[in-house]
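Q: Mind having a look at this structure? Questions to follow.
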Amino acid sequence: MTQLQFDTALLGMQNKLHYYALSLTSDHEKASDLLQETLLKALSNRDKFSENTNFKAWVYTIMKNTFINDYRRKVKSKNSLSDPQNGPTLMQGSDCPSPESAYHSAEITRSISQLSDDYRIPFTMFLEGYKYKEIADELDLPLGTVKSRIFFTRKRLEKVLMGYSMN
């Protein structure tokens, strides 16, 4: 498929993609953002499209995966200790975090900050909701290296923080 054919096919799908984005997000503004991000990803990954595959399915899969990844990232950020948009999040069933949980959170944060950059950065990105592949691409590391660093960081933190519980 030539560049012109690719671009024409992609632009021809724009209205249908917008309706699909709207069905995923239920919000016109978010649907427009998702559509724009999908088109950008499709254009930037044109070289990954295989000639003998269904172009429409390929683009719809990009949109679905983009939506899912964004959703997961938002869920993880809402579950983090502090949400920049809403301020500190509240613990389940209470109006404010207990002093013990605040102490435990500080200890966990301190333990993570003491890690070397090689382990701290991938682990922090993982906690922020990035996928292993996204971390590997961002840090220009092999996927296996990212997975092992996150695994070993977890094991190390389990040992260091053995007595701490967030319940």
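The values are calculated or read from the model by the stated rules, or taken from the named source; none is laboratory data. Predicted model, so just to flag it, every value in this text is computed and none were measured. Cβ atoms come from the backbone with ideal geometry, glycine included; neighbour counts cover every protein chain shown.
Q: Return the residues of the stretch 19-54 that are part of a loop (DSSP other than H, G, I, E, B) and surrounded by fewer than 11 Cβ atoms within 10 Å (Cβ to Cβ); say none if nothing qualifies.
A: Selection gives 26, 50, 51, 52, 53, 54.
Q: Inspect all residues belonging to the stretch 139-146 and state whether any of them is within 17 Å of the chain's Cα centre (by Cα), touching a residue at least 40 places away in the same chain (Cβ under 8 Å) and either closer than 24 Å to residue 71 by Cα or surrounded by fewer than 16 Cβ atoms within 10 Å (Cβ to Cβ) (or both).
A: No: the stretch 139-146 contains no residue that is within 17 Å of the chain's Cα centre (by Cα), touching a residue at least 40 places away in the same chain (Cβ under 8 Å) and either closer than 24 Å to residue 71 by Cα or surrounded by fewer than 16 Cβ atoms within 10 Å (Cβ to Cβ) (or both).
Q: Okay, next question. Could you check how many residues of the stretch 62-80 are surrounded by 14 or more Cβ atoms within 10 Å (Cβ to Cβ) and β-branched (Val, Ile, Thr)?
A: 2
Q: Please tell me if residue 44 is more than 15 Å from residue 57 (Cα to Cα), in the same structural domain as residue 60 (by TED's automatic domain parsing) and modelled with pLDDT of 90 or more. Please lay out each step first, then the result.
A: Details: more than 15 Å from residue 57 (Cα to Cα): yes; in the same structural domain as residue 60 (by TED's automatic domain parsing): yes; modelled with pLDDT of 90 or more: yes.
For residue 44, the condition - more than 15 Å from residue 57 (Cα to Cα), in the same structural domain as residue 60 (by TED's automatic domain parsing) and modelled with pLDDT of 90 or more - is met.
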